[in-house]
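Quick notes on the structure that follows.
The values are calculated or read from the model by the stated rules, or taken from the named source; none is laboratory data. A quick note: this is a predicted structure, and the numbers were derived from the prediction, not measured. Because the Cβ atoms are built from the backbone with ideal geometry, glycine has one as well, and the counts that use them run over all protein chains shown.
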Amino acid sequence: MSDRSDVTLMINGRTYAISVEPRRTLVDAIREDCGQTGTHIGCEHGVCGACTVLLDGAPIRSCLMFAVQAEGKAIRTVESLANGEELNTLQRAFMEHHGLQCGFCTPGFLMLVTGVLERQPNIGDEELVDVLSSNLCRCTGYQNIVKAVRAAAAEMRRR
Amino acid sequence: MSAPTKGSGMAWVGRSIRRLEDPALLSGRGCFTADFKAAHRVRFVRSAVAAGRIEKITIPDGATVITASHLTGVKPIAPALHKFGYVQVEQPVLAEGVVRFVGEPIAAVVAPSEAQAEDIADLVSVEIAETAAISDARIALAPGVRTIHEGAARNIVVEAKFETAGFGAAQDAAERQIVVEIRSRRQNASPLEGRAGLAAYDAVSGRVTLTCATQMPHLTRTAIADLIGMAESDLRVIAPDVGGGFGQKMSLVPEYVVLVWLARKLRSSVAWTEDRRENLIAAFHGRDQYLRLQGSFDGNAKLLALLAEVTANVGAYSCYPTTCAVEPLMAMAEFPGPYDVRAYSCIARGVLTNTCPMAPYRGVSRPSITLALERLMDVAAAQFALEPAEIRRRNLIDKFPYISATGLKLDEASYRQTLDMAVAALDLPAFRRRQIEARLQGRHLGLGLATFSERTGYGTPAFAARGMEVTPGWETVELSMDPSGFVELRIGASPHGQGLRTTLAQIVADQIGVAPERIKVVHGDTDRTPYGWGTFASRSLVIAGGASLLAARKVRAKLLRIASRLLEASADDIVIEDGAARIAGTDRALAIESLARAAYHQAHLFNGDIDPGISETATYDPAGTFSNACHATIVEVDPETGRVRIERFIVAEDAGLLVNPMIVDGQIAGGVAQGIGNALLEEIVYDETGNILTATLADFLPPTSREIPPIEILHLETSSPETVTGSKGLGEGGAIGAPAAILNAVNDALAPFGVAINEIPATPQRIRAALRGASERRQ
C-alpha cells in the first residue's frame, strides 16, 4: 500500500501538489497534506457530515472520497468563507442566532448550507430542515442552526 | 455587540451578547486536538471478545507494539470510594491477562502514520480463551453467576441503602400502592469530536505536554502522574478546543496514560485520535438501569411513601475520579425529586458486567429517576382519575427551605409556578378537546409532563457525602490586569461549548468597568491556570462564575483605591463603568487603563499603601442549589408504524439569574434534543456474546434536525440565596426532563389501546410490539 500517487488539489483557489497513497481519503489529504484543519472528521462513515466540503460547488462528504478522485476539481472549505477577519453573511448569522456551541460540527454545516443556498437561494423552510438533517450536531438541538440559515438566506436574497 | 448601557450599573450580565468564542470556530480557526501534528501515530488493538483470558499476543517483526508486559511500574486505574460497600476494582491501562469487554485496549501500535499503524494493528494477533459474556445487570446478579472481578460478590460493586424511620408504617397507612418498573437502555453521549490525545516530550525540560479532548485537565494530570509515577510538575495537560463532552470526557482515559508513557519512552511525540467505532464501543457509556418504584398514596392522591430499587449496569470497570458508584448514589440521594414525601426507602446497586465502563453522562441518573417518578405520577393520576398536572400540584413541594427525606436542602424552587406556566402554554383544556376529536378520526395525540429539580453548582460538601477519595467541588480563579489595561481571567474550569469565555467575561466586566472583549478567559492549560476540577455537573457558571465575581470585586476595590488616590476623592464617590473611574456627577474621570498603568509604573505615588500591580485570586466552594423546570410536550403516535412525532415541546425553567439568556436557551435546547434522542432513538445494543451491534452513528441514531421540534422556552428567574451570583446551573436539565415528558406523552397517546410503555428508547419496534401484545391479549 506504499505506492504513492501525485495529486494536485485546488483548495480555496490555491494549488497543492501532494503525493499520497491511493487509499488516502480526501479529508485526510485536506487536513494532513494541505494543512487545512478547519474541516473536521466526525465519523468516517459518511453519517455525521462534519467533513462536508464543496466539490465543484456541490456539498460532499470528504471522508467518503479518495484524494485522487478530487484531482482537478475545485474544493472549497470553511477557510474560504471569511474575508480576513470579516465573517460572511452565513457565519454572522450562526453567531447571531447561537447556531454553534462546541463548534466541531460547524464547518460541515456551513459548507453544506453554502452549497445548498448557492444552488437554491429560494429553498423552502421544510426542504431546508430536510437538507440540514444531512449533518449531525450534538450541542445545539438544531433549531438555532435552522434559524441562522433562514436568516442568512433571507439576507442573501435581499442583496 | 451593542455598547453597554451607561450608568446602568449591571450593564453586561443579563444580556444576550454574542459569544467571544465564535469567530474562530466559524472560520476554521478552531484548534482541536487532532489538528496538531505528532511524529508518531498510535493505534490501539482492542479485544474482539467480551470476556476471556489472553493466551498469546503475536507481534509482527520489526513493529513497535506495546502491551501490558512493557508497562512495568504503571499502576492500574483504581478509583476509591469509602462508603456503601464499594469494591475497589482495578483496570490495567492495557489489558493484563484477562479482557472484560469488547473494545478493551490490549496493545498500542506506534507507526509514522495512522494508516501504517492501522495496517500493523491488523497483523497483531491476540489469542483469547473466551468465556461466556455477561452483558445484562440482572443476569450478572443471578445466584451462581461468574464474578467479573474478584471480591465483588454477585458482581455488586457498590450497594447503598437508605430508609427513613417508620417507613413501613407510612407505607401501611396508605390507601393505594402503585408500582412502575422502568428500563432505561444504554446510551453513548456521542460528542461529535471523539477522544483524542497528543503527548509530546520536550528534551530540554524533560517534561511531557498532553494535549487532549478532556473536560478536566488538572485531574487528568494528577491521575496520569500518579499512575506512571512521575512528578506532576513534569506533565502539562492542555485541553484546546474540545468538541463536546456531555460527561464522556470527564473521566480518565486509559489510552492517554499510554500516550504519556510512550512519549517519555520514545522521547518524541505520539498522537491518537479515536475513530467513531472506538468511541461507540470503548469510550464511556451512560444510563442502562432497571428501576422499580412503589408509591404509596392516600385517598387524595398524596404520596405518603416511596420505595425505590435501582439496578445500574456499570460495565466492566470503574471510572476515575467519580467511580462507577456515581450513578446509583445520585439515584438514591435524589429520587424523591421535587415531591413532598417524608417516608422514603431505597436500595441502589452498581453491577459489574462485560460491557463498556459507564461514566457520568449529562444528567447522571436523574433522567432515569425522573422518568420513573414521572411515570409513577401519571399512572397514579390515571388511577385517581386526575389530570397529570393536578396530581403533581398536590404533591410538589411548595414551602422553602425544604429538607428532603435524604437530607438535601432545597433552598428555594418554583415547581408549581413552572408547572402552571407550562400547562398554560399548552392550553390543557383545548388540548383535551382536540385529543378526543383526533381519536374519533383515528389519530392519537398525547400530552406528557415532567417536573423535576436539578441539583447544580455543588461544592465539596455534596461530593464528600458520597465518600469519594477524590472530592471535587471548589474552583479558584486568578484575575489580573496588565499595565495596558487588558484583563486575563485564568480558571480551573474547562468549558467545551458552554460559552464560559463570554459569560465569565460578562460577570467580570460589570465589576471592573471594561468591556468583555478586553477580558481574556484562559482555560484548559495546567501550566497557565490554577488547579481546578473542570467543567461538569452544571457547575461552572455557578462555581467558577462565583469565584470570578469574588475576584472581580477585589480588583474593583483596588481600582477604586487607586482612583481615589489619583483623583483625590473618596472611593465612595467614585463609580467604575464604561471603561473609566469617575467621580459621580462630575466630568472628572480616569480611564481604567491609566489606573492599571499607575498600579505598575507609578507605584511610588501610593507610598506603599497600595501593593503594586493588579492581580487577585478567589476561591468559591458553595453548598449547591437546585434549578427546576417543567417540560411539557404534545406528541402524535402512529399506531400502524409506531412512529412518534413531536408537535410541541415547552420548557418552563427557573435557573435563577441568567447571565446570558441566549446561551442559557442554547443549553436547554441542546439538552432537550439529547433527551429526545435518549427517549425515542438512541441505544447501544449488545448481542448475547457481548458484541456491540451499534457501532456507527447510523445504527446508534442520534436525532437530526428532522426529529427535533422547536423548543419553546419560558423563564422564571428566582435568584438563589445559596450562590453569590444568584445564578443556578442548568447544563443538564434539558436531558433530565425530556425523556419522562416524551414517554408520558407516548403513553397518554396510546391510552385507548391499554398499553404501558415503560422502556426507553421507545422505538417504533417497541411501540409496535406493545400494541401487538395488547391486541393479542384482547383476542
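Summary table below
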{"read-out": "Odd one out for B:E21, checked against (1) in contact with a Gly (Cβ under 7 Å, 6 or more places away or on another chain); (2) more than 30 Å from B:S727 (Cβ to Cβ); (3) not aliphatic (A, V, I, L, M)", "value": "(2)"}
{"read-out": "Of all residues in the range A:126-136 being touching a residue at least 24 places away in the same chain (Cβ under 8 Å) and more than 7 Å from chain B (Cβ to nearest Cβ), the one that is surrounded by the most Cβ atoms within 10 Å (Cβ to Cβ)", "value": "A:N135"}
{"read-out": "Residue in the range B:105-115 that is over 27 Å from the mean Cα position of the chain (by Cα) and assigned to a helix (DSSP H, G or I) present", "value": "yes"}
{"read-out": "Wholly within the range A:50-159, helices (runs of 4 or more DSSP H) carrying at least 1 residues that are basic (K, R)", "value": "A:89-96, A:106-119, A:143-158"}
{"read-out": "One residue from B:L697, B:L701, B:L714, B:L681 being touching a Cys at 6+ places or on another chain (Cβ under 7 Å) and at pLDDT 95 or above", "value": "B:L697"}
{"read-out": "Residue ID - nearest to the other protein chains (Cβ to nearest Cβ), chosen from residues in the range B:53-76 that are under 34 Å from the mean Cα position of the chain (by Cα) and under 20 Å from B:A121 (Cα atoms)", "value": "B:I66"}
{"read-out": "Selection within the range B:58-102 - surrounded by fewer than 24 Cβ atoms within 10 Å (Cβ to Cβ) and among the small types (G, A, S)", "value": "B:G62, B:A63, B:A68, B:S69, B:G73, B:A78, B:A80, B:G85, B:G97"}
{"read-out": "Selected residue [in a helix (DSSP H, G or I), more than 14 Å from every other protein chain (Cβ to nearest Cβ) and basic (K, R)] from B:R221, B:R236", "value": "B:R221"}
{"read-out": "The range B:143-163 - residue that is of a type outside the set (A, V, I, L, M) and closer than 17 Å to B:I77 by Cβ and, of those, modelled with the highest pLDDT", "value": "B:H149"}
{"read-out": "Whichever residue in the range A:95-108 is more than 7 Å from chain B (Cβ to nearest Cβ) and under 16 Å from A:M156 (Cβ atoms) and, among such residues, is surrounded by the fewest Cβ atoms within 10 Å (Cβ to Cβ)", "value": "A:H97"}
{"read-out": "Spans of strands (runs of 3 or more DSSP E) in the range B:257-347 with at least 1 residues among the basic types (K, R) and in contact with a Phe, Trp or Tyr (Cβ under 7 Å, 6 or more places away or on another chain)", "value": "B:286-297"}
{"read-out": "Some residue of the range B:145-163 being assigned to a strand (DSSP E or B), touching a residue at least 24 places away in the same chain (Cβ under 8 Å) and within 14 Å of another protein chain (Cβ to nearest Cβ)", "value": "no"}
{"read-out": "Qualifying residue in the range B:364-371 (condition: in contact with a Lys or Arg (Cβ under 9 Å, 6 or more places away or on another chain), in a helix (DSSP H, G or I) and of a type in the set (V, I, T))", "value": "no"}
{"read-out": "Single unsatisfied condition, B:Q116 versus (1) farther than 30 Å from B:Y290 by Cα; (2) in contact with a Pro (Cβ under 7 Å, 6 or more places away or on another chain)", "value": "(2)"}
{"read-out": "Qualifying residue in the range B:41-59 (condition: out of contact with any strand residue (DSSP E or B) (no Cβ under 9 Å at 6 or more places or on another chain), within 30 Å of B:S135 (Cα to Cα) and at pLDDT 95 or above)", "value": "no"}
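One line per residue, one yes/no per condition, for (1) farther than 18 Å from A:M111 by Cα; (2) away from every other protein chain (no Cβ under 11 Å); (3) touching an Asp or Glu at 6+ places or on another chain (Cβ under 7 Å); (4) not hydroxyl-bearing (S, T, Y):
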site: A:T15; (1), (2), (3), (4): yes, yes, no, no
site: A:E32; (1), (2), (3), (4): yes, no, no, yes
site: A:P59; (1), (2), (3), (4): no, yes, no, yes
site: A:C63; (1), (2), (3), (4): no, no, yes, yes
site: A:E79; (1), (2), (3), (4): no, no, no, yes
